[in-house]
1. Can you confirm whether S74 is at pLDDT 95 or above, exposed (fewer than 13 other Cβ atoms within 10 Å of the Cβ) and of a type in the set (S, T, N, Q)?
2. Taking interchain pairs and intrachain pairs at least six residues apart, which have beta carbon atoms under 8 angstrom, with the first residue in region 26-37 and farther than 17 Å from E63 by Cβ and the second outside any helix (DSSP H, G or I)?
3. May I ask you to list pairs of residues, at least six apart or on different chains, whose Cβ atoms are under 6 Å apart, with the first in region 44-56 being under 16 Å from L24 (Cβ atoms) and the second being of a type outside the set (S, T, N, Q) and surrounded by fewer than 16 Cβ atoms within 10 Å (Cβ to Cβ)?
4. So how many residues does region 42-62 have that are under 15 Å from E14 (Cβ atoms) and outside any strand (DSSP E or B)?
Amino acid sequence: MNADRDVIMNEIPETGFVRLTQVLSVIPLGKTCWWEGVKSGRFPKPVKLSARCTAWRAEDIRELIKTLSGTAPSGEGSRVDH
């Protein structure tokens, strides 16, 4: 599983912003489920870069991937409920 996570982490930059299509390419959810998770607080809040451009901090998405894969520091792993 670590090899899979490493490949996924390489697809997300260490810093900067990622758009929804990039996020969903590494976290296997549909748009509706993702937005429900954002609304409920399970997933990071987006940043509005302009009136029609929404993105997420790459650092937040990397941390989410670590948490979902169970490799978060001090055993803070969780799972995605659909």
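1. no
2. These pairs meet every condition: C33/H82.
3. Every condition considered, the pairs that remain are T54/K48; A55/R19; A55/V47; A55/L49.
4. 5
The values are calculated or read from the model by the stated rules, or taken from the named source; none is laboratory data. Please read these numbers as outputs of a predicted model, since none were measured by experiment. Note: ideal-geometry Cβ built from the backbone for every residue, glycine included; neighbour counts use all protein chains shown.
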